[in-house]
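Enquirer: Sharing a structure here in structure tokens format.
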Amino acid sequence: MSGHSSKQTVGALPDTTVESSVVPVALTWAVWSLFAASVVVLIARLRIGGAWEIPGVVAIDGLTVLMWVVVTFFSGIVHSYSRRYMAGSAHETGFFLAVFGFTVAVIGLVAADHFAVFALLWLAMGLVMARLIGTVDGWAQARAAASVARKYFLASSALLGVALTALWWATGETSVSGVAATADTLGGPVWLVAAVALVLAAMIQSALVPFHGWLLSSMTAPTPASALMHAGFVNAGGILLTRFAPVVTVDATLMLGIVAVGATSALVGKLLKTIQSDVKTELGCSTVGQMGFMIMQAGLGFFGAAITHLILHGFYKAYHFLSAGERVEHTSPTASDTHETSVTGAAIILLTGLAGGGLFAVLTGKGTSVDSGLLLAVFVVLTTMHAARTAVEQASLPSTARYGAIPLVFIPAIAVYALVYEAVSGVLSGLPVVAAPTELSALHALVAGVFLLTYVGIETGVHERSQRLYVALLNASQPASSTVLTAREDYNEY
């Protein structure tokens, strides 16, 4: 088989030993109870406001309660899905305990204010995720994948430790809120060490290029664990930068660097996705690209946009991972699977993208002045155009219906996105920094120009003409050799 027809899901558990336990049921009820409680707390927070904290230890703000709702919802979905997926596995109880433990770690992380608590929960979150990747302890590739991920997560935790130590050295503070209160005094080499370490820790956790290897090597994870990983765990980089926004926004050059690394990962992830032939690896490459967009939005100074992106991406990726098995049945290629885009179609896609960007600017006020908000609006235009082009090529409708439906579908979608962005920004309004747009410079124009040209090249298929690029992308998307599921020695060929 070739092309899309060869797509398969991997990560299924090879054992079927029945383990009768009430633990999955109890934990599923527990996590949905946490979700209900989180919704109540969010409503109370919006109505009452004010500071909910144990000074220097725990601080419950808008970001905390919003992430509580999102994380417990995704965890509840994963728990419920896993009740059937893991049934009959000898690892069922351990899997549910790990997923619930991961949920608790994240709940604590987003509320932690003291450096030591934050760092310990960051480390615990990574170690539990590595355990989920290697759920099947009798499977050599799973153990290897868990080991690869664990090394990356330990490196991320070490970098976070360096950053927090440097911030303590520079400010004398031992809490996130304390550093935010003294952010005006930050600068110099110690601050630079802290800021760069924070960015690197976020890049590793969010699997940005060149640290995407752990994510593409994690295909041994059970599918619900992959859903939790891609819908929740990788978002930690955006949460880290948002929580320490007063630190990273001190210098415009650093922010431009964050934009550059985010843009690079967005483009490389998009390229890597085009050459994949199995569902989970394709989704993994998509996550690399989407996390690049999230980090890029943070670099532009729009942390509310980054949080909005990670929430919406979480819904998108959780759905696609949990429904990955269905795609095997529906991806047999036929002559009518895709449609060429005509000149008329291209014009409609372009106009829809421009209209979407304009509507976003009107509803949010971003892009109406010459600052980094203008680049945010441009990225909305490009995203709208890409989604519209994909819909035109894949929708099984007559051309007139396809082209006519594009503005009717995507303009309201952009309006909904803008309103969600405004709502999220409102919830985050109590944070020290929610939006910190920067003035555009020649370097911003250079980064934006390179991004735009590369993006257009990918959309028009220019990259497909280079065999050398194809080989480079193929090599860049290879998992660690010890985690490969189809190595020759795994089969009795002789």
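The values are calculated or read from the model by the stated rules, or taken from the named source; none is laboratory data. Note that this is a predicted model, so its numbers are computed, not measured. Positions of Cβ are backbone-derived with ideal geometry, glycine not excepted, and every protein chain shown enters the neighbour counts. Keep in mind that these areas ignore ligands, DNA and RNA; they rest on the heavy atoms of the full protein, side chains included. Shrake-Rupley method; radii C 1.70, N 1.55, O 1.52, S 1.80 Å.
Enquirer: On the given criteria, is Ser481 open to solvent by less than 80 Å² (accessible area, probe 1.4 Å) and at pLDDT below 85?
Expert: no
Enquirer: A further question on this structure: Kindly provide the set of residues from region 299-315 that are aromatic (Phe, Trp, Tyr) and either modelled with pLDDT under 85 or open to solvent by less than 10 Å² (accessible area, probe 1.4 Å) (or both), ordered by number.
Expert: Passing the criteria: Phe302, Phe303.
Enquirer: How many of the residues making up region 44-54 are exposed (fewer than 12 other Cβ atoms within 10 Å of the Cβ) and either in contact with a His (Cβ under 7 Å, 6 or more places away or on another chain) or part of a helix (DSSP H, G or I) (or both)?
Expert: 2
Enquirer: While we're on this one: Of the residues Ser175, Ser147, Ser157, Ser82, only one is within 23 Å of Tyr319 (Cβ to Cβ) and of a type outside the set (A, V, I, L, M, F, W, C); which?
Expert: Being within 23 Å of Tyr319 (Cβ to Cβ) and of a type outside the set (A, V, I, L, M, F, W, C) holds for just one of Ser175, Ser147, Ser157, Ser82, which is Ser82.
Enquirer: For region 98-137, give me each residue that is hydroxyl-bearing (Ser, Thr, Tyr) and more than 17 Å from Thr64 (Cβ to Cβ).
Expert: Of everything in region 98-137, just one residue is hydroxyl-bearing (Ser, Thr, Tyr) and more than 17 Å from Thr64 (Cβ to Cβ), namely Thr135.
Enquirer: Looking at region 1-24 only, could you name the residues that are modelled with pLDDT of 50 or more and open to solvent by 60 Å² or more (accessible area, probe 1.4 Å)?
Expert: Across region 1-24, the qualifying residue is only Val22.
Enquirer: Would you list the helices (runs of 4 or more DSSP H) that sit entirely within region 160-264 and hold 2 or more residues that are open to solvent by 30 Å² or more (accessible area, probe 1.4 Å), touching a helix residue (DSSP H, G or I) at 6+ places or on another chain (Cβ under 6 Å) and without any contact (Cβ under 8 Å) to a residue 60 or more places away in the chain?
Expert: 188-205
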